[in-house]
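> Following this message is one structure expressed as structure tokens.
The values are calculated or read from the model by the stated rules, or taken from the named source; none is laboratory data. This one's a predicted model, so the numbers in the text were calculated from it and none came from an experiment. Positions of Cβ are generated from backbone atoms using ideal geometry, with glycine treated the same way; all protein chains shown enter the neighbour counts.
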Amino acid sequence: MMLAVKERIMGAVTVMSEEDANKFWRILQQNYGYGLESVEPTKDEIEALDAYESGDPEYQATISQEDAMKLLFD
């Protein structure tokens, strides 16, 4: 069950806007900050983000952010 929850969280974060991700991070820090730290992204993560931001079709969402949020949180 915990794996499914973690997967849903990761899925939600993946489709969040940068602004929403920052809000989410602040909520986590305020409520669970005792064990959280910032982690530098890996080379693969940076490459994936760059590909997404450049419009590479391999990295574009096939579902809208709104629909993904509904699936993840409903």
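> Please work out if A51 is under 19 Å from V5 (Cα atoms), touching a helix residue (DSSP H, G or I) at 6+ places or on another chain (Cβ under 9 Å) and surrounded by 10 or more Cβ atoms within 10 Å (Cβ to Cβ). Give the steps one after another, and end with the answer.
On the way: under 19 Å from V5 (Cα atoms): no; touching a helix residue (DSSP H, G or I) at 6+ places or on another chain (Cβ under 9 Å): yes; surrounded by 10 or more Cβ atoms within 10 Å (Cβ to Cβ): yes.
When the stated conditions are applied, A51 does not pass them.
> Give region 6-47 a look and list any residue that's of a type in the set (A, V, I, L, M), part of a helix (DSSP H, G or I) and either touching a residue at least 12 places away in the same chain (Cβ under 8 Å) or closer than 25 Å to F73 by Cα (or both), or say none. Walk me through how you get there before you give the answer.
Here is the first cut: in region 6-47, the ones of a type in the set (A, V, I, L, M) are 9-10, 12-13, 15-16, 21, 27-28, 36, 39, 46.
Then keep just the ones that are part of a helix (DSSP H, G or I); that gives 9-10, 12-13, 15, 21, 27-28, 46.
Those that are of a type in the set (A, V, I, L, M), part of a helix (DSSP H, G or I) and either touching a residue at least 12 places away in the same chain (Cβ under 8 Å) or closer than 25 Å to F73 by Cα (or both): I9, M10, A12, V13, V15, A21, I27, L28.
> Among what's in region 1-36 and is charged (D, E, K, R) and under 15 Å from A68 (Cα atoms), pick the residue that is modelled with the highest pLDDT. Break it down into steps so the answer makes sense when it comes.
Taking region 1-36 as the starting set, the residues that turn out to be charged (D, E, K, R) are 6-8, 18-20, 23, 26.
If we keep only those that are under 15 Å from A68 (Cα atoms) too, we end up with 7-8, 20.
Working: E7: 81, R8: 82, D20: 88.
In this case the residue turns out to be D20.
> Take the residues in region 60-74 that are of a type outside the set (D, E), in a helix (DSSP H, G or I) and over 14 Å from the mean Cα position of the chain (by Cα), then tell me which one is surrounded by the fewest Cβ atoms within 10 Å (Cβ to Cβ).
First pass over region 60-74, keeping only residues of a type outside the set (D, E): 60-65, 68-73.
Narrowing further to those that are in a helix (DSSP H, G or I): 65, 68-73.
When the remaining residues are screened for being over 14 Å from the mean Cα position of the chain (by Cα), the result is 70-71.
Details: K70: 11, L71: 13.
Of everything passing the filter in region 60-74, K70 is surrounded by the fewest Cβ atoms within 10 Å (Cβ to Cβ).
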